[in-house]
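The values are calculated or read from the model by the stated rules, or taken from the named source; none is laboratory data. Computed from a predicted model, the values in this text were never measured in an experiment. Ideal geometry is used to build each Cβ from the backbone, glycine not excepted, and the neighbour counts take in all protein chains shown. Calculation scope for accessible area: heavy atoms of the full protein, side chains included, ligands and nucleic acids excluded. Shrake-Rupley method; radii C 1.70, N 1.55, O 1.52, S 1.80 Å.
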Amino acid sequence: MIRTDRVVIVGAGLAALYAALALAPRPVLMISPDPLGQGASSAWAQGGVAAAMDPADSAAQHAADTLRAGAGLVDPAVARLVTSQARDHILHLAALGAPFDRDGAGGFVLSREAAHSLARVVRVNGDGAGAAIMAALVAAVRAAPSVQVAEGWVATGLRLQDGRVAGIDLALASGSVPVPVAAPAVLIAGGGSGGLYAVTTNPARIRGEALGMAARAGAVIADAEFVQFHPTAIACGADPAPLATEALRGEGARLVDADGTRFMAALHPDADLAPRDVVARGVFAETQAGRRPALDCRALGAGIMADFPAVAAACARAGIDPARQPIPVAAAAHYHMGGIATDQDGRSSLPGLWACGEAASTGLHGANRLASNGLLEALVFARRAALSIGRNGPPAASVALPDPAPAPLPDPALVARLRQAMTAGAGVLRDAQGLTDALHAIAAVGAAQPGSPQLANMTATATLICAAALARRESRGAHCRTDYPDTLPTGRRSRMTLAEALALRPAPEKEPL
Ligand code: SIN
(Lines give C-alpha, C1' and ligand atoms only; values in the text may rest on other atoms or scores of the structure.)
Protein backbone atom coordinates (compact mmCIF):
# COMPACT_ATOMS: atom_id res chain seq x y z
CA MET A 1 0.00 0.00 0.00
CA ILE A 2 1.40 3.40 -1.04
CA ARG A 3 0.45 6.19 1.39
CA THR A 4 0.30 9.87 0.43
CA ASP A 5 -0.98 13.11 1.92
CA ARG A 6 -1.75 14.34 -1.59
CA VAL A 7 -5.37 14.82 -2.67
CA VAL A 8 -6.00 12.38 -5.53
CA ILE A 9 -7.76 13.76 -8.62
CA VAL A 10 -9.05 11.08 -10.98
CA GLY A 11 -9.01 12.46 -14.53
CA ALA A 12 -7.18 15.16 -16.45
CA GLY A 13 -9.84 17.11 -18.35
CA LEU A 14 -10.96 20.66 -17.75
CA ALA A 15 -12.61 19.98 -14.37
CA ALA A 16 -9.60 18.04 -13.08
CA LEU A 17 -7.04 20.65 -14.17
CA TYR A 18 -9.09 23.56 -12.82
CA ALA A 19 -9.62 21.78 -9.49
CA ALA A 20 -5.90 21.03 -9.18
CA LEU A 21 -5.13 24.73 -9.63
CA ALA A 22 -7.88 25.74 -7.19
CA LEU A 23 -6.48 23.34 -4.56
CA ALA A 24 -3.00 24.94 -4.69
CA PRO A 25 -0.90 25.11 -2.60
CA ARG A 26 -2.28 21.77 -1.34
CA PRO A 27 -0.34 18.90 -2.93
CA VAL A 28 -2.28 16.93 -5.55
CA LEU A 29 -1.72 13.64 -7.39
CA MET A 30 -3.52 13.82 -10.74
CA ILE A 31 -4.26 10.56 -12.56
CA SER A 32 -4.01 11.10 -16.32
CA PRO A 33 -4.39 8.04 -18.57
CA ASP A 34 -2.89 9.88 -21.54
CA PRO A 35 -0.23 12.60 -21.87
CA LEU A 36 -1.71 15.70 -20.22
CA GLY A 37 -4.13 17.48 -22.57
CA GLN A 38 -4.89 14.40 -24.67
CA GLY A 39 -7.77 11.94 -24.40
CA ALA A 40 -10.20 14.20 -22.52
CA SER A 41 -13.62 15.19 -23.92
CA SER A 42 -13.07 18.80 -22.83
CA ALA A 43 -10.42 19.34 -25.51
CA TRP A 44 -12.97 18.32 -28.15
CA ALA A 45 -15.65 20.79 -27.03
CA GLN A 46 -16.38 23.00 -30.03
CA GLY A 47 -19.06 25.37 -28.79
CA GLY A 48 -17.46 26.99 -25.75
CA VAL A 49 -18.63 28.20 -22.36
CA ALA A 50 -22.11 29.65 -21.80
CA ALA A 51 -22.00 32.88 -19.75
CA ALA A 52 -24.03 36.08 -19.66
CA MET A 53 -21.24 38.40 -20.91
CA ASP A 54 -23.44 40.60 -23.15
CA PRO A 55 -24.78 43.71 -21.35
CA ALA A 56 -28.21 42.81 -22.80
CA ASP A 57 -28.03 39.40 -21.10
CA SER A 58 -28.24 38.41 -17.43
CA ALA A 59 -27.49 35.45 -15.20
CA ALA A 60 -31.23 35.27 -14.47
CA GLN A 61 -32.03 34.89 -18.18
CA HIS A 62 -29.31 32.25 -18.53
CA ALA A 63 -30.78 30.39 -15.53
CA ALA A 64 -34.27 30.60 -17.05
CA ASP A 65 -33.03 29.08 -20.34
CA THR A 66 -31.24 26.34 -18.38
CA LEU A 67 -34.46 25.53 -16.49
CA ARG A 68 -36.54 25.49 -19.67
CA ALA A 69 -34.15 23.18 -21.54
CA GLY A 70 -33.93 20.80 -18.55
CA ALA A 71 -37.59 19.76 -18.89
CA GLY A 72 -38.62 20.23 -15.27
CA LEU A 73 -35.68 18.55 -13.54
CA VAL A 74 -33.13 21.37 -13.17
CA ASP A 75 -32.52 22.35 -9.55
CA PRO A 76 -33.32 26.11 -9.62
CA ALA A 77 -30.87 26.90 -6.80
CA VAL A 78 -28.04 25.18 -8.70
CA ALA A 79 -28.99 27.01 -11.93
CA ARG A 80 -28.86 30.36 -10.09
CA LEU A 81 -25.56 29.48 -8.45
CA VAL A 82 -23.84 28.37 -11.66
CA THR A 83 -25.09 31.13 -13.94
CA SER A 84 -24.28 33.86 -11.40
CA GLN A 85 -20.66 32.66 -11.16
CA ALA A 86 -20.15 32.20 -14.92
CA ARG A 87 -18.72 35.66 -15.64
CA ASP A 88 -16.08 35.36 -12.91
CA HIS A 89 -14.83 32.04 -14.31
CA ILE A 90 -14.61 33.41 -17.88
CA LEU A 91 -12.51 36.34 -16.64
CA HIS A 92 -10.34 33.94 -14.63
CA LEU A 93 -9.79 31.71 -17.68
CA ALA A 94 -8.91 34.78 -19.76
CA ALA A 95 -6.38 35.78 -17.08
CA LEU A 96 -4.91 32.25 -17.26
CA GLY A 97 -4.38 32.78 -20.99
CA ALA A 98 -7.50 31.36 -22.70
CA PRO A 99 -7.55 33.36 -25.96
CA PHE A 100 -11.29 34.03 -26.26
CA ASP A 101 -12.48 35.57 -29.54
CA ARG A 102 -12.88 39.36 -29.18
CA ASP A 103 -14.53 42.01 -31.33
CA GLY A 104 -12.89 45.27 -32.44
CA ALA A 105 -13.85 46.95 -29.15
CA GLY A 106 -12.36 44.14 -27.02
CA GLY A 107 -15.75 42.59 -26.17
CA PHE A 108 -16.30 38.83 -26.20
CA VAL A 109 -17.58 37.37 -29.49
CA LEU A 110 -20.60 35.25 -28.57
CA SER A 111 -22.11 32.30 -30.48
CA ARG A 112 -25.77 31.35 -30.46
CA GLU A 113 -26.65 27.73 -29.71
CA ALA A 114 -29.93 25.86 -29.44
CA ALA A 115 -32.42 26.81 -26.70
CA HIS A 116 -30.45 29.90 -25.64
CA SER A 117 -32.65 33.00 -25.92
CA LEU A 118 -29.69 34.97 -27.30
CA ALA A 119 -26.04 34.61 -28.31
CA ARG A 120 -24.25 33.63 -25.09
CA VAL A 121 -21.44 31.19 -25.79
CA VAL A 122 -17.90 32.47 -25.31
CA ARG A 123 -15.73 30.89 -27.99
CA VAL A 124 -12.14 30.56 -29.23
CA ASN A 125 -11.21 30.61 -32.92
CA GLY A 126 -14.80 29.73 -33.84
CA ASP A 127 -15.03 26.08 -32.82
CA GLY A 128 -11.80 25.60 -30.85
CA ALA A 129 -12.80 26.60 -27.31
CA GLY A 130 -12.20 23.25 -25.63
CA ALA A 131 -8.72 22.77 -27.09
CA ALA A 132 -7.61 26.34 -26.36
CA ILE A 133 -8.91 26.42 -22.78
CA MET A 134 -7.30 23.04 -22.12
CA ALA A 135 -3.98 24.30 -23.52
CA ALA A 136 -4.05 27.26 -21.12
CA LEU A 137 -4.91 25.03 -18.14
CA VAL A 138 -2.32 22.38 -19.03
CA ALA A 139 0.38 25.08 -19.13
CA ALA A 140 -0.75 26.39 -15.73
CA VAL A 141 -0.79 22.90 -14.19
CA ARG A 142 2.63 22.04 -15.62
CA ALA A 143 3.94 25.20 -13.92
CA ALA A 144 2.21 24.49 -10.58
CA PRO A 145 4.69 22.98 -8.07
CA SER A 146 1.84 21.49 -6.02
CA VAL A 147 0.59 19.17 -8.79
CA GLN A 148 2.16 15.78 -9.53
CA VAL A 149 0.75 14.25 -12.70
CA ALA A 150 0.80 10.45 -13.02
CA GLU A 151 0.65 10.14 -16.83
CA GLY A 152 -0.16 6.75 -18.31
CA TRP A 153 -2.09 5.60 -15.21
CA VAL A 154 -5.80 4.98 -14.66
CA ALA A 155 -7.87 4.65 -11.52
CA THR A 156 -9.63 1.28 -11.46
CA GLY A 157 -11.40 1.37 -8.09
CA LEU A 158 -11.97 3.21 -4.83
CA ARG A 159 -10.69 1.92 -1.48
CA LEU A 160 -13.06 2.13 1.48
CA GLN A 161 -12.20 2.13 5.16
CA ASP A 162 -14.90 2.36 7.85
CA GLY A 163 -17.44 3.60 5.28
CA ARG A 164 -15.13 6.36 4.04
CA VAL A 165 -13.26 6.61 0.74
CA ALA A 166 -9.65 6.25 1.83
CA GLY A 167 -7.81 5.92 -1.48
CA ILE A 168 -7.82 4.38 -4.92
CA ASP A 169 -6.46 1.50 -6.94
CA LEU A 170 -4.25 2.56 -9.83
CA ALA A 171 -3.19 0.59 -12.88
CA LEU A 172 -1.08 1.33 -15.91
CA ALA A 173 -3.29 2.49 -18.79
CA SER A 174 -1.55 -0.15 -20.90
CA GLY A 175 -2.84 -2.83 -18.48
CA SER A 176 -1.38 -3.92 -15.14
CA VAL A 177 -2.32 -5.36 -11.78
CA PRO A 178 -3.74 -2.62 -9.52
CA VAL A 179 -1.55 -0.65 -7.11
CA PRO A 180 -3.36 0.50 -3.93
CA VAL A 181 -2.82 4.12 -2.88
CA ALA A 182 -4.15 5.51 0.44
CA ALA A 183 -5.00 9.23 0.30
CA PRO A 184 -6.90 11.75 2.47
CA ALA A 185 -9.46 12.73 -0.20
CA VAL A 186 -10.44 11.67 -3.72
CA LEU A 187 -11.97 13.96 -6.35
CA ILE A 188 -13.44 12.16 -9.36
CA ALA A 189 -13.29 14.36 -12.44
CA GLY A 190 -12.93 11.59 -14.99
CA GLY A 191 -15.48 12.47 -17.68
CA GLY A 192 -18.77 11.01 -18.90
CA SER A 193 -20.15 7.87 -20.49
CA GLY A 194 -20.69 8.62 -24.19
CA GLY A 195 -18.17 5.97 -25.29
CA LEU A 196 -20.42 3.26 -23.86
CA TYR A 197 -22.44 3.77 -27.06
CA ALA A 198 -21.50 2.49 -30.51
CA VAL A 199 -22.11 5.93 -32.05
CA THR A 200 -20.56 8.73 -29.98
CA THR A 201 -18.74 12.03 -30.21
CA ASN A 202 -16.64 11.21 -27.10
CA PRO A 203 -12.98 10.14 -27.11
CA ALA A 204 -12.48 6.35 -26.97
CA ARG A 205 -11.42 6.37 -23.32
CA ILE A 206 -14.61 8.05 -22.06
CA ARG A 207 -16.63 4.91 -21.22
CA GLY A 208 -18.29 5.64 -17.89
CA GLU A 209 -15.44 4.19 -15.82
CA ALA A 210 -15.24 7.16 -13.41
CA LEU A 211 -18.93 6.94 -12.57
CA GLY A 212 -18.75 3.15 -12.46
CA MET A 213 -15.99 2.99 -9.85
CA ALA A 214 -17.95 5.35 -7.55
CA ALA A 215 -21.09 3.25 -8.08
CA ARG A 216 -19.20 0.03 -7.26
CA ALA A 217 -18.06 1.64 -4.00
CA GLY A 218 -21.72 2.37 -3.13
CA ALA A 219 -22.08 6.03 -4.12
CA VAL A 220 -25.56 7.29 -5.02
CA ILE A 221 -25.91 8.01 -8.75
CA ALA A 222 -28.39 10.65 -9.92
CA ASP A 223 -30.29 10.93 -13.21
CA ALA A 224 -28.37 8.07 -14.85
CA GLU A 225 -31.08 7.61 -17.50
CA PHE A 226 -30.46 11.03 -19.04
CA VAL A 227 -27.93 10.69 -21.86
CA GLN A 228 -27.78 13.55 -24.35
CA PHE A 229 -27.54 12.68 -28.04
CA HIS A 230 -26.03 15.34 -30.29
CA PRO A 231 -28.00 15.68 -33.52
CA THR A 232 -25.13 16.64 -35.79
CA ALA A 233 -22.31 14.15 -35.44
CA ILE A 234 -20.74 13.83 -38.88
CA ALA A 235 -21.90 10.49 -40.34
CA CYS A 236 -18.69 9.49 -42.08
CA GLY A 237 -18.10 6.08 -40.51
CA ALA A 238 -15.42 7.33 -38.09
CA ASP A 239 -15.40 6.11 -34.46
CA PRO A 240 -15.71 8.39 -32.57
CA ALA A 241 -17.86 10.50 -34.89
CA PRO A 242 -16.58 14.07 -35.38
CA LEU A 243 -18.91 16.85 -34.28
CA ALA A 244 -20.45 19.60 -36.43
CA THR A 245 -21.08 22.22 -33.76
CA GLU A 246 -24.55 23.55 -33.07
CA ALA A 247 -23.10 27.03 -33.57
CA LEU A 248 -23.28 26.32 -37.32
CA ARG A 249 -27.05 26.25 -37.00
CA GLY A 250 -26.79 29.44 -34.94
CA GLU A 251 -25.13 30.97 -38.03
CA GLY A 252 -27.91 29.75 -40.33
CA ALA A 253 -26.98 26.19 -41.38
CA ARG A 254 -30.11 24.05 -41.84
CA LEU A 255 -30.97 20.37 -41.48
CA VAL A 256 -32.29 18.80 -44.66
CA ASP A 257 -33.22 15.33 -45.87
CA ALA A 258 -31.79 13.57 -48.92
CA ASP A 259 -34.16 15.61 -51.16
CA GLY A 260 -32.97 18.89 -49.65
CA THR A 261 -36.24 19.39 -47.73
CA ARG A 262 -35.98 21.01 -44.29
CA PHE A 263 -37.60 18.80 -41.65
CA MET A 264 -37.18 20.61 -38.31
CA ALA A 265 -39.71 23.40 -38.94
CA ALA A 266 -42.52 20.82 -38.83
CA LEU A 267 -41.29 19.44 -35.49
CA HIS A 268 -40.77 22.53 -33.30
CA PRO A 269 -41.44 26.29 -33.47
CA ASP A 270 -37.69 26.93 -33.04
CA ALA A 271 -36.98 24.57 -35.96
CA ASP A 272 -33.23 23.92 -36.28
CA LEU A 273 -32.53 25.70 -32.99
CA ALA A 274 -35.05 23.68 -30.98
CA PRO A 275 -33.75 22.02 -27.77
CA ARG A 276 -31.12 19.42 -28.51
CA ASP A 277 -33.28 16.41 -27.58
CA VAL A 278 -35.97 17.46 -30.06
CA VAL A 279 -33.46 17.95 -32.89
CA ALA A 280 -31.71 14.66 -32.05
CA ARG A 281 -35.01 12.77 -32.32
CA GLY A 282 -35.76 14.57 -35.61
CA VAL A 283 -32.41 13.54 -37.08
CA PHE A 284 -32.72 9.99 -35.70
CA ALA A 285 -36.16 9.60 -37.32
CA GLU A 286 -34.78 10.72 -40.68
CA THR A 287 -31.90 8.24 -40.40
CA GLN A 288 -34.27 5.40 -39.45
CA ALA A 289 -36.52 6.24 -42.41
CA GLY A 290 -33.53 6.11 -44.76
CA ARG A 291 -33.78 9.79 -45.69
CA ARG A 292 -30.09 10.49 -44.94
CA PRO A 293 -30.26 13.71 -42.89
CA ALA A 294 -27.59 16.31 -43.54
CA LEU A 295 -26.53 19.76 -42.39
CA ASP A 296 -26.64 22.22 -45.26
CA CYS A 297 -24.06 24.98 -44.72
CA ARG A 298 -23.92 26.13 -48.34
CA ALA A 299 -25.99 29.29 -47.81
CA LEU A 300 -23.49 30.53 -45.23
CA GLY A 301 -21.05 31.58 -47.91
CA ALA A 302 -17.74 30.17 -49.06
CA GLY A 303 -15.76 31.69 -46.18
CA ILE A 304 -17.88 30.38 -43.33
CA MET A 305 -15.88 27.21 -42.79
CA ALA A 306 -12.83 29.33 -42.06
CA ASP A 307 -14.69 30.30 -38.87
CA PHE A 308 -15.10 26.63 -37.94
CA PRO A 309 -11.67 25.08 -38.57
CA ALA A 310 -12.29 21.91 -36.51
CA VAL A 311 -15.44 21.10 -38.52
CA ALA A 312 -13.69 22.01 -41.76
CA ALA A 313 -10.79 19.67 -40.91
CA ALA A 314 -13.14 16.80 -39.98
CA CYS A 315 -15.01 17.26 -43.28
CA ALA A 316 -11.76 17.35 -45.24
CA ARG A 317 -10.64 14.08 -43.58
CA ALA A 318 -13.98 12.52 -44.58
CA GLY A 319 -13.82 13.83 -48.15
CA ILE A 320 -16.79 16.18 -47.67
CA ASP A 321 -16.78 19.73 -49.09
CA PRO A 322 -19.36 21.68 -47.03
CA ALA A 323 -19.26 24.56 -49.53
CA ARG A 324 -20.66 22.23 -52.19
CA GLN A 325 -22.59 19.49 -50.39
CA PRO A 326 -24.61 19.11 -47.18
CA ILE A 327 -22.69 17.36 -44.37
CA PRO A 328 -24.23 13.91 -43.60
CA VAL A 329 -25.18 13.76 -39.92
CA ALA A 330 -26.42 11.30 -37.29
CA ALA A 331 -27.49 11.49 -33.65
CA ALA A 332 -24.63 10.36 -31.39
CA ALA A 333 -24.20 9.91 -27.63
CA HIS A 334 -22.54 13.14 -26.53
CA TYR A 335 -23.02 14.02 -22.86
CA HIS A 336 -24.23 12.26 -19.72
CA MET A 337 -26.49 14.47 -17.61
CA GLY A 338 -26.47 11.74 -14.96
CA GLY A 339 -23.54 11.07 -12.70
CA ILE A 340 -22.28 10.79 -9.15
CA ALA A 341 -24.86 12.67 -7.07
CA THR A 342 -23.25 15.70 -5.41
CA ASP A 343 -24.28 18.61 -3.23
CA GLN A 344 -23.43 22.21 -4.05
CA ASP A 345 -19.86 21.66 -2.84
CA GLY A 346 -19.23 18.62 -5.01
CA ARG A 347 -19.54 16.19 -2.07
CA SER A 348 -20.80 12.72 -3.01
CA SER A 349 -22.88 10.47 -0.75
CA LEU A 350 -19.62 8.76 0.38
CA PRO A 351 -17.46 10.60 2.94
CA GLY A 352 -14.02 11.32 1.48
CA LEU A 353 -15.28 11.37 -2.13
CA TRP A 354 -16.00 14.49 -4.19
CA ALA A 355 -16.97 14.67 -7.89
CA CYS A 356 -17.13 17.36 -10.56
CA GLY A 357 -17.37 17.69 -14.32
CA GLU A 358 -19.35 15.29 -16.48
CA ALA A 359 -18.86 12.40 -14.00
CA ALA A 360 -20.96 14.33 -11.47
CA SER A 361 -24.66 15.12 -11.39
CA THR A 362 -25.20 18.44 -9.63
CA GLY A 363 -28.78 19.13 -10.71
CA LEU A 364 -27.81 21.79 -13.29
CA HIS A 365 -28.75 19.88 -16.43
CA GLY A 366 -32.00 18.16 -15.56
CA ALA A 367 -33.28 15.96 -18.36
CA ASN A 368 -31.55 17.89 -21.14
CA ARG A 369 -28.39 19.98 -20.84
CA LEU A 370 -28.43 23.47 -22.32
CA ALA A 371 -25.64 23.74 -24.91
CA SER A 372 -22.25 24.85 -23.56
CA ASN A 373 -23.37 24.61 -19.94
CA GLY A 374 -21.13 21.53 -19.57
CA LEU A 375 -17.77 23.31 -19.41
CA LEU A 376 -19.33 26.02 -17.26
CA GLU A 377 -20.60 23.50 -14.71
CA ALA A 378 -17.17 21.84 -14.68
CA LEU A 379 -15.48 25.15 -13.84
CA VAL A 380 -17.92 26.16 -11.11
CA PHE A 381 -17.97 22.80 -9.34
CA ALA A 382 -14.25 22.12 -9.74
CA ARG A 383 -13.54 25.25 -7.72
CA ARG A 384 -16.30 24.57 -5.19
CA ALA A 385 -15.13 20.97 -4.66
CA ALA A 386 -11.53 22.16 -4.22
CA LEU A 387 -12.57 24.70 -1.60
CA SER A 388 -14.70 22.06 0.14
CA ILE A 389 -11.79 19.57 0.24
CA GLY A 390 -9.63 22.39 1.59
CA ARG A 391 -6.58 24.20 0.24
CA ASN A 392 -4.59 23.62 3.40
CA GLY A 393 -2.87 20.33 3.98
CA PRO A 394 0.50 18.99 5.04
CA PRO A 395 3.42 19.09 2.61
CA ALA A 396 3.74 15.82 0.68
CA ALA A 397 6.60 14.24 -1.21
CA SER A 398 6.05 13.06 -4.77
CA VAL A 399 4.49 9.62 -4.94
CA ALA A 400 6.90 7.01 -6.31
CA LEU A 401 4.80 4.66 -8.40
CA PRO A 402 6.09 1.11 -8.93
CA ASP A 403 6.40 -0.90 -12.12
CA PRO A 404 3.49 -3.32 -11.68
CA ALA A 405 3.10 -6.67 -13.42
CA PRO A 406 1.09 -6.57 -16.66
CA ALA A 407 -2.57 -7.64 -16.68
CA PRO A 408 -5.08 -7.82 -19.55
CA LEU A 409 -7.18 -4.83 -20.57
CA PRO A 410 -10.92 -5.29 -21.23
CA ASP A 411 -11.44 -7.56 -24.24
CA PRO A 412 -12.18 -5.24 -27.21
CA ALA A 413 -14.83 -7.68 -28.51
CA LEU A 414 -16.70 -7.46 -25.20
CA VAL A 415 -16.46 -3.66 -25.18
CA ALA A 416 -17.84 -3.60 -28.73
CA ARG A 417 -20.70 -5.85 -27.67
CA LEU A 418 -21.47 -3.59 -24.72
CA ARG A 419 -21.51 -0.52 -26.96
CA GLN A 420 -23.83 -2.19 -29.48
CA ALA A 421 -26.18 -3.23 -26.66
CA MET A 422 -26.35 0.33 -25.33
CA THR A 423 -27.06 1.86 -28.73
CA ALA A 424 -29.70 -0.75 -29.52
CA GLY A 425 -31.45 -0.73 -26.15
CA ALA A 426 -30.78 2.59 -24.41
CA GLY A 427 -30.40 4.95 -27.36
CA VAL A 428 -32.46 7.87 -28.65
CA LEU A 429 -35.71 5.85 -28.38
CA ARG A 430 -36.24 3.31 -25.61
CA ASP A 431 -38.84 0.78 -24.46
CA ALA A 432 -39.09 -1.84 -21.74
CA GLN A 433 -38.12 -4.76 -23.98
CA GLY A 434 -35.07 -3.02 -25.43
CA LEU A 435 -33.85 -1.87 -22.00
CA THR A 436 -34.34 -5.36 -20.55
CA ASP A 437 -32.42 -6.93 -23.42
CA ALA A 438 -29.65 -4.40 -22.89
CA LEU A 439 -29.47 -5.20 -19.17
CA HIS A 440 -29.10 -8.90 -19.96
CA ALA A 441 -26.42 -8.24 -22.58
CA ILE A 442 -24.51 -6.03 -20.10
CA ALA A 443 -24.62 -8.80 -17.48
CA ALA A 444 -23.30 -11.32 -20.01
CA VAL A 445 -20.46 -8.98 -21.02
CA GLY A 446 -19.45 -8.50 -17.38
CA ALA A 447 -19.58 -12.23 -16.68
CA ALA A 448 -17.32 -12.98 -19.65
CA GLN A 449 -14.28 -11.22 -18.11
CA PRO A 450 -14.92 -11.07 -14.37
CA GLY A 451 -11.34 -10.19 -13.44
CA SER A 452 -11.31 -6.82 -15.23
CA PRO A 453 -12.06 -3.86 -12.92
CA GLN A 454 -12.20 -1.52 -15.93
CA LEU A 455 -14.88 -3.64 -17.60
CA ALA A 456 -16.74 -3.88 -14.27
CA ASN A 457 -16.71 -0.05 -14.08
CA MET A 458 -18.14 0.19 -17.61
CA THR A 459 -20.84 -2.41 -17.01
CA ALA A 460 -21.78 -0.77 -13.69
CA THR A 461 -22.48 2.52 -15.47
CA ALA A 462 -24.28 0.83 -18.35
CA THR A 463 -26.45 -1.05 -15.84
CA LEU A 464 -27.33 2.17 -14.03
CA ILE A 465 -28.28 3.94 -17.29
CA CYS A 466 -30.55 1.08 -18.39
CA ALA A 467 -32.09 0.39 -14.95
CA ALA A 468 -32.87 4.07 -14.36
CA ALA A 469 -34.32 4.30 -17.88
CA LEU A 470 -36.46 1.22 -17.21
CA ALA A 471 -37.69 2.69 -13.92
CA ARG A 472 -38.64 6.06 -15.47
CA ARG A 473 -42.01 5.30 -17.01
CA GLU A 474 -42.43 8.57 -18.88
CA SER A 475 -40.70 10.54 -21.61
CA ARG A 476 -38.84 13.64 -20.51
CA GLY A 477 -36.02 15.60 -22.17
CA ALA A 478 -33.43 13.25 -23.62
CA HIS A 479 -35.17 10.17 -22.17
CA CYS A 480 -37.78 9.09 -24.73
CA ARG A 481 -39.83 5.93 -24.05
CA THR A 482 -41.92 4.80 -27.01
CA ASP A 483 -44.04 2.75 -24.56
CA TYR A 484 -44.50 5.72 -22.19
CA PRO A 485 -44.61 8.74 -24.54
CA ASP A 486 -46.23 11.16 -22.07
CA THR A 487 -44.47 13.41 -19.58
CA LEU A 488 -45.77 13.01 -16.03
CA PRO A 489 -47.16 16.21 -14.48
CA THR A 490 -44.54 16.22 -11.73
CA GLY A 491 -40.89 15.61 -12.51
CA ARG A 492 -38.49 13.99 -10.04
CA ARG A 493 -34.75 13.48 -10.33
CA SER A 494 -33.72 9.84 -9.95
CA ARG A 495 -31.25 8.59 -7.34
CA MET A 496 -30.05 5.01 -7.41
CA THR A 497 -27.23 2.85 -6.11
CA LEU A 498 -25.70 0.07 -8.17
CA ALA A 499 -27.29 -2.51 -5.84
CA GLU A 500 -30.71 -0.96 -6.51
CA ALA A 501 -30.04 -0.93 -10.26
CA LEU A 502 -29.01 -4.60 -10.26
CA ALA A 503 -32.19 -5.48 -8.35
CA LEU A 504 -34.24 -3.94 -11.18
CA ARG A 505 -32.73 -6.27 -13.79
CA PRO A 506 -35.43 -8.81 -14.74
CA ALA A 507 -34.37 -12.47 -14.74
CA PRO A 508 -33.38 -13.54 -18.27
CA GLU A 509 -35.79 -15.79 -20.16
CA LYS A 510 -33.01 -17.22 -22.29
CA GLU A 511 -29.24 -17.17 -22.46
CA PRO A 512 -28.36 -13.73 -23.97
CA LEU A 513 -24.95 -14.53 -25.50
C1 SIN B 1 -21.71 21.95 -29.87
O2 SIN B 1 -20.82 22.75 -30.11
O3 SIN B 1 -22.63 21.72 -30.64
C4 SIN B 1 -21.65 21.17 -28.59
C5 SIN B 1 -21.68 22.08 -27.44
C6 SIN B 1 -22.06 21.34 -26.22
O7 SIN B 1 -22.19 20.12 -26.25
O8 SIN B 1 -22.27 21.99 -25.20
Compute the whole-percent fraction of alpha carbon pairs in the chain spaced more than 39 Å apart.
-> 18 percent
Per-residue ellipticity at 222 nm for the chain, helices alone: DSSP H runs ≥ 4 residues times -39500 (n - 2.57), over residue total, nearest 500 deg cm²/dmol?
-> -10000 deg cm²/dmol
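Would you kindly state how much longer the chain becomes between ALA266 and SER58 on full extension, computed as 0.36 nm times their sequence separation minus their alpha carbon distance, in nm to one decimal? Each step should come with its number before you reach the end.
On the way: separation 208, 0.36 × 208 = 74.88 nm, distance 3.12 nm.
Additional length available on full extension: 71.8 nm.
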Simple SL model, points at 7 angstrom along Cα→Cβ for GLN288 and ALA204; separation in nm is 3.1 nm
Compute the Rg/Rh shape ratio of region 1-97: radius of gyration over Kirkwood radius, all on alpha-carbon atoms.
-> 1.05
What full-extension length gain, to one decimal in nm, is calculated for ASP88 and ARG102 as 0.36 nm per residue of separation minus the Cα-Cα distance?
-> 3.3 nm
Proximal charge balance of PRO27 [Cβ under 14 Å; K/R count +1, D/E count -1] = +3
Ranked highest first by average number of other Cβ atoms within 10 Å, how do 175-181, 300-306, 191-197 line up?
-> 191-197, 175-181, 300-306
Where does the Debye-calculated log10 I(q)/I(0) of region 177-239 sit at q = 0.18, 0.23, 0.26, 0.30 Å⁻¹, using only Cα point scatterers of equal weight, no solvent?
-> -0.80, -1.09, -1.26, -1.43
Zone reached by a paramagnetic label modelled 7 Å from ARG317 Cα along Cα→Cβ, restricted to region 200-216 with backbone N below 20 Å, covers 200-207
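Per the Kirkwood formula on distinct C-alpha pairs, the Rh of region 380-513 is how many angstrom?
One over the average 1/r among Cα pairs gives 17.6 Å for region 380-513.
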In Å, the Kirkwood hydrodynamic radius of region 97-181 over pairs of distinct alpha carbons?
-> 16.8 Å
Return the distance in nm (one decimal) between the two label points of a simple spin-label model at ASP5 and ARG68, each offset 7 Å from Cα along Cα→Cβ.
-> 5.2 nm
Please give the peptides 43-53, 368-378 ranked by average Cβ packing (other Cβ atoms within 10 Å per residue), highest first, as a rough proxy for protection.
-> 368-378, 43-53
Report the FRET efficiency, 1/(1 + (r/R0)^6), for SER398 and ASP345, where r is their Cβ-Cβ distance and R0 is 30 Å, rounded to 0.05.
-> 0.60
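All other residues with a Cβ under 13 Å from the Cβ of HIS230 taken together, and with Lys, Arg as +1 and Asp, Glu as -1, what is their net charge? List each step's numbers first, then the result.
Details: positive: ARG249, ARG276, ARG281, ARG369; negative: GLU113, GLU246, ASP277.
Here the charged neighbours net out to +1.
Taking only protein heavy atoms into account and a 1.4 Å probe, give the accessible area per residue of region 1-94 in Å². Before the final figure, lay out each step's value.
Working: 3100 Å² over 94 residues.
Accessible surface, normalised per residue, equals 33 Å².
List the relative contact order of region 292-379 as a percent without decimals, with contacts defined as Cα pairs under 8 Å and 6+ residues apart. Don't skip to the answer; put the middle values down first.
On the way: 95 pairs, mean separation 20.2, N = 88.
After rounding, I find 23 percent.
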Placing +1 on each Lys and Arg Cβ and -1 on each Asp and Glu Cβ in region 269-425, then taking the dipole about the Cα centre, the residue among ALA313, PRO275, ALA330 whose Cα reaches farthest towards the positive end is ALA330
How many nm separate the modelled label positions at ALA299 and LEU387, each set 7 Å beyond the Cα in the direction of the Cβ?
-> 4.6 nm
Ranked from highest to lowest mean number of other Cβ atoms within 10 Å per residue, what is the order of the peptides 13-19, 164-170?
-> 13-19, 164-170
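Given the Cα-Cα distance of ASP486 and ALA416 and 0.36 nm per residue of separation, how much length would full extension add, in nm? Numbers along the way, then the final one.
On the way: separation 70, 0.36 × 70 = 25.20 nm, distance 3.27 nm.
Fully extending the segment from ASP486 to ALA416 adds 21.9 nm.
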Residues in region 22-53, backbone N under 18 Å from the label point at GLN161 (7 Å along the Cα-to-beta-carbon vector): list them, ranges by number please.
-> 29
